[in-house]
Amino acid sequence: MNHSTNGHRNNRHNHTTHKNGTSAENDGTAALSEPLHFVPIDGADSHSAAETGIVVTGSELLALEGKKTVDEYGPSFFEAYESTEVVTGEPEQYAKIEDAVHALLDAFNVNWQDPNYTDTPKRVAKAYMDFWANGYARDAEDEVTVFPNSSGNGDLVVVKDMKFYSMCSHHLAPFTGYGAIAYLPNEHLLGLSKLGRILDIYARRFQLQERIGAQTADKIMELLRPQGVMVLLYDVEHMCMSSRGVKLHEASTTTLATRGVFKEDAQLRAEVMSLIK
């Protein structure tokens, strides 16, 4: 299977001129106002750095670009409300969560002499801060490494069966399932494990399944500038649905976020789906 870069660009999309004056393919993404650069090795000039293919982190890559460039390639998913959640890791935040959990259990009149409850508020606070909501303390730019696509290969990349865990923002009930990410590269590649890391960063928050997929897809588009990205979250069990309300014990939920060529090319989407299933 060889999805060549030129094939997707020339056969399926028309050229258009963006507001910055650059010519780009109308593939569902915005044009870059400047080409991407690589951080040079100490003592090397930027030209030789580009030729040797210096590896950069996501944050370094974005720092090399002007705000205009990043904004023009900005997210397809916009929040209606500002995200104000934060994990500081400070003792004061641990104490605040611990007090809140203590008040919750106290409302049920638990017996605090029972050793099963004695340290529960502290354990729950640590679990939220260190695991269940630690995505708020993490930025994908700081945890991923971008490699130059030195071979110029535009073949399809798919990583599937990535287990993820999250917490429903409606009931604070857990939901868990699997993710698959596909992308068609341009000038840059991402370490395969880093795809799962980006998914994990957005999953470990108070979330909606739809939003996890959208945020993951947008971040990969922002960092890599690929031809397109597809994020499928499948076999997802929501405890708020299986353990309460209608109690749909066997129900699972699937969501799909597409960007770039995947949004426009139904045949390409179908091919990825056949590889995932």
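The values are calculated or read from the model by the stated rules, or taken from the named source; none is laboratory data. Remember, it's a predicted structure, so these values are computed and weren't measured experimentally. Glycine gets a Cβ as well: all are built from the backbone with ideal geometry, and neighbour counts include every protein chain shown.
So, F164, is that one of a type in the set (F, W, Y), touching a His at 6+ places or on another chain (Cβ under 7 Å) and crowded, with 19+ Cβ neighbours inside 10 Å or not? Judged against the criteria, F164 is not a match. Restricting to the range 131-152, name every residue that is part of a loop (DSSP other than H, G, I, E, B), of a type outside the set (D, E) and in contact (Cβ under 8 Å) with a residue 40 or more places away in the chain. Within the range 131-152, A133, R138, V144, N149, S150, G152 qualify. Within the range 102-125, the residues that satisfy the criterion of being polar (S, T, N, Q), assigned to a helix (DSSP H, G or I) and out of contact with any helix residue (DSSP H, G or I) (no Cβ under 9 Å at 6 or more places or on another chain) are N116, T118.
With respect to the conditions (1) in contact (Cβ under 8 Å) with a residue 12 or more places away in the chain; (2) part of a helix (DSSP H, G or I); (3) in the same structural domain as C240 (by TED's automatic domain parsing), Y128 falls short on a single one, namely (3). Taking the stated definitions as given, is G179 in contact with a strand residue (DSSP E or B) (Cβ under 7 Å, 6 or more places away or on another chain), modelled with pLDDT of 95 or more and over 20 Å from A100 (Cβ atoms)? Here the answer is yes, as G179 does meet what is asked.
For V272, state whether it is in contact (Cβ under 8 Å) with a residue 60 or more places away in the chain, farther than 30 Å from K126 by Cα and touching a His at 6+ places or on another chain (Cβ under 7 Å).
Criteria not met by V272.
Taking the range 145-161, which residues are surrounded by 15 or more Cβ atoms within 10 Å (Cβ to Cβ) and not polar (S, T, N, Q)? Hits for the range 145-161 are V146, F147, P148, G154, L156, V157, V158, V159, K160.
From the list D200, D235, D218, the lone residue that is touching a residue at least 40 places away in the same chain (Cβ under 8 Å) and closer than 15 Å to T258 by Cα is D218. For the range 140-176, taking the residues that are more than 15 Å from the chain's Cα centre (by Cα) and of a type in the set (F, W, Y), the one that is farthest from M239 (Cα to Cα) is identified as F147.
The set of residues from the range 218-277 being closer than 23 Å to F147 by Cα and surrounded by fewer than 16 Cβ atoms within 10 Å (Cβ to Cβ) is empty. Under 30 Å from S150 (Cβ atoms), small (G, A, S) and assigned to a strand (DSSP E or B): is that true of G196 in this structure? It is false that G196 is under 30 Å from S150 (Cβ atoms), small (G, A, S) and assigned to a strand (DSSP E or B).
Here D142 fulfils each of the conditions (1) exposed (fewer than 15 other Cβ atoms within 10 Å of the Cβ); (2) under 19 Å from M167 (Cβ atoms); (3) touching a strand residue (DSSP E or B) at 6+ places or on another chain (Cβ under 9 Å) apart from (2).
Has the range 242-257 got any residue that is farther than 15 Å from L184 by Cα, in a helix (DSSP H, G or I) and of a type in the set (S, T, Y)?
yes
One residue alone among I220, I212 is modelled with pLDDT of 95 or more and under 18 Å from G154 (Cβ atoms), and that residue is I220. Scanning the range 238-253 for residues that are touching a residue at least 60 places away in the same chain (Cβ under 8 Å) and among the hydrophobic types (A, V, I, L, M, F, W, C) yields M239, C240. Of the residues making up the range 203-215, those that are out of contact with any strand residue (DSSP E or B) (no Cβ under 6 Å at 6 or more places or on another chain) and free of Cβ contacts under 8 Å to residues at least 60 places away in the same chain are L208, I212.
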